[in-house]
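The values are calculated or read from the model by the stated rules, or taken from the named source; none is laboratory data. Everything numeric here is computed off the predicted structure, so don't read it as measured data. Cβ placement follows ideal geometry from the backbone for every residue including glycine, while neighbour counts extend to all protein chains displayed.
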């Protein structure tokens, strides 16, 4: 599918889902990265007058360039934004939980995951206040291996990029005239200083997407030939991550009593 056609289909899908829910618009967390920028622009196409972007720096280490990129996208595409510094809330949580900031904040994943979960609270506040839906920014690559925070950036009402691989996003972003510096910037969830997605995942998105494509192609299922050119260790790593994160992609299990 051509990028222009895909962009139209996604925007139409966003509009249909929101109308179906009886909502009036959408709210998106804007981090300045490719995923959120792309989601915001597609949402703006669907709802020109009722798209809200939230820029939510969460501590003093939040990169000023990320905020600048989020502002750039908002200005270029005319997206209404609210910028809310939630650093003090984050700091208060750390004190209440007795987190040793100096020794733990850069390495403890439970502490780092507080950031996207606090942002989720803000997104749903404005969604509730305005009768909007929260639009998630995750892509197919991240969903497949569970690379998102449960009830954090993984919490949303709709997920328009959920069937779009990370490497496919670049062509889509170019079609929508998203600035080149955002398309090429190193992906990072900003969980701690110096953190990057690919370092945490343990491979490049290019390698990850190649493996995912092999795994989801019917002809390749269960066939080693399908992974020709893929590092066997990386294939196994993707399998482990996908299996271990299955609970993050499913609904909450409900006990069913016998009749």
inquiry  = Tell me the residue from 75, 91, 110 that is under 26 Å from residue 238 (Cβ atoms), without any contact (Cβ under 8 Å) to a residue 40 or more places away in the chain and more than 15 Å from the chain's Cα centre (by Cα), please.
reply    = 110
ask   = Quick one: which of 250, 174 is surrounded by fewer than 18 Cβ atoms within 10 Å (Cβ to Cβ) and either at pLDDT below 95 or in contact with a helix residue (DSSP H, G or I) (Cβ under 6 Å, 6 or more places away or on another chain) (or both)?
value = 250
key: Verdict on residue 44 being in a helix (DSSP H, G or I), at pLDDT 95 or above and touching a strand residue (DSSP E or B) at 6+ places or on another chain (Cβ under 7 Å)   = yes
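Quick grid of which residues meet (1) closer than 29 Å to residue 39 by Cα; (2) assigned to a strand (DSSP E or B); (3) at pLDDT below 95:
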| position | (1), (2), (3) |
| --- | --- |
| 81 | yes, yes, no |
| 88 | yes, no, yes |
| 92 | no, no, yes |
| 99 | no, no, yes |
| 102 | no, no, yes |
| 106 | yes, no, yes |
| 110 | yes, no, yes |
| 117 | yes, no, no |
| 120 | yes, no, no |
Some residue of the stretch 126-145 being farther than 30 Å from residue 211 by Cβ, touching a helix residue (DSSP H, G or I) at 6+ places or on another chain (Cβ under 7 Å), in the same structural domain as residue 187 (by TED's automatic domain parsing) and part of a helix (DSSP H, G or I) = no
key: Yes/no for residue 70 being surrounded by 14 or more Cβ atoms within 10 Å (Cβ to Cβ), at pLDDT 95 or above and in a loop (DSSP other than H, G, I, E, B)   = no
query = surrounded by fewer than 21 Cβ atoms within 10 Å (Cβ to Cβ), at pLDDT 95 or above and over 24 Å from residue 187 (Cβ atoms), is that true of residue 7?
reply = no
ask   = Out of the stretch 203-232, which residues are assigned to a loop (DSSP other than H, G, I, E, B) and at pLDDT 65 or above?
value = 203, 204, 217, 228, 229, 230, 231
